[in-house]
Amino acid sequence: MAFTTKQLGDGFAAEIQGVDLAADIDEATFTALRRTWMENKVAVLRGQKLDDGAMMRFSRRFGELFVHVRKQFHSPEHPEVLLISNLEQDGRPIGALGHEGLAWHSDQAYTAKRVFGTLLYAVEIPEAGGNTLFADLAQAYTALPAARRAELSTLETIYSIEVTTKTEGLPLPNEQRQATPDVVHSLVRRHPHLAREGLYLSPAHTLAIRGMARAESDALLSELAAWASQDRFIYEHEWAEGDVIIWDNTHLMHTRRPFNPTARRLLRRTGWYYADDAGERAA
Ligand SMILES: O=C(O)CCC(=O)C(=O)O
Ligand SMILES: [Fe+2]
């Protein structure tokens, strides 16, 4: 199966055309697709039609599937599929993340075994709002002066699910908190499959730089987040129903714009682990 690619962002983010993700994709095509995805960090495929089975079948080819700690937002029959939605059923949200804008983050940075790839499939999309933005943390890193890169490469960041729990105002049951202890990851990260280094940032989940005075740590983290979220490092996606975006969390952070709470927005999501996340360490 041959596919074509079209560049969407400045030096990253590509649209892949000519692939039906629900079909049988041969090994050679899958390998090429996976490579294109990792090299571009963000892969967009339009006009897809996927049920949970097809999403899981395709996603599993990248790695072991991730199951989100917040069980209440799982697709009823398939814990590997998470619903992202503002919709409610019997007065309760059926999915995660509501309708408000999100803080910049890299998925599951607050876990030891971070999520490598995320696949998000648009089922219902509002007329306006809810765009998702991706910032290229490898380009942001490369654009820093060499001396600065060397300083940063010795630092480590402490992450905690509590940070996002507080911002979202969504209480975390004790059992879910205990399953998610604070963790430490390097601030500069090497891609496991490509000769590429980048910043690893997830402001929505970050407590502090390890061993640094709080004020200094806060200042450095704000400076890096502001540096990496400049327009020149960003691709902004305006969703249409049937869109699939697959992103590589190694060297990206992403955020979402708010949308009208009375509009309907529903996306279905899978994620997979790295075969071996060398960065993992207890805080
Ligand atoms: O709602 C969105 O567009 C993005 C949600 C998100 O951050 C995620 O699914 O990881
Ligand atoms: Fe996310």
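FYI, it's all coordinate maths here, none of it is from the lab. Everything quoted here is computed from the prediction, not taken from an experiment. We place every Cβ from the backbone using ideal geometry, glycine too, and count neighbours over all the protein chains shown.
Ellipticity at 222 nm from helices only: DSSP H runs of n ≥ 4 in the chain, each -39500 (n - 2.57), divided by the residue count, give -6500 deg cm²/dmol. Shown is the FRET efficiency for residue 213 and residue 167, computed with R0 = 22 Å from the Cβ-Cβ distance and rounded to the nearest 0.05: 0.40. The alpha-carbon of residue 71 sits under 20 angstrom from the alpha-carbons of these lysines, leaving out residues fewer than 8 places away in its chain: 113, 166.
Less than 5 angstrom separates the built amide H of residue 208 from those of 158, all sequence-distant by 5 or more or on a different chain.
What is the list of residues in region 191-219 whose amide nitrogen lies under 13 Å from a point 7 angstrom out from the Cα of residue 148, following Cα to Cβ? Of the residues in region 191-219, 199 have backbone N under 13 Å from the label point off residue 148. Short-range pairs are left out: with C-alpha atoms under 8 Å and at least six residues apart, the relative contact order of region 66-136 is 17 percent. Note on residue 6 and residue 28: the extension gain reaches 5.9 nm, defined as 0.36 nm multiplied by sequence separation minus the Cα-Cα distance. In this simple spin-label approximation, residue 51 and residue 131 carry label points 7 Å from Cα along the Cα→Cβ vector, and these lie 3.5 nm apart. Rg over Rh for the chain works out to 0.94, both radii taken from alpha-carbon positions and Rh defined as the Kirkwood radius. The slack between residue 155 and residue 77, meaning 0.36 nm per residue of separation minus the straight C-alpha distance, is 23.9 nm. Considering only alpha-carbon pairs that sit under 8 angstrom and 6 or more positions apart, the relative contact order computed for the chain is 33 percent.
Based on the Stokes-Einstein relation at 25 °C and a viscosity of 0.890 mPa s, and on the Kirkwood radius from alpha carbon pairs, region 99-245 is assigned a translational diffusion coefficient of 146 µm²/s.
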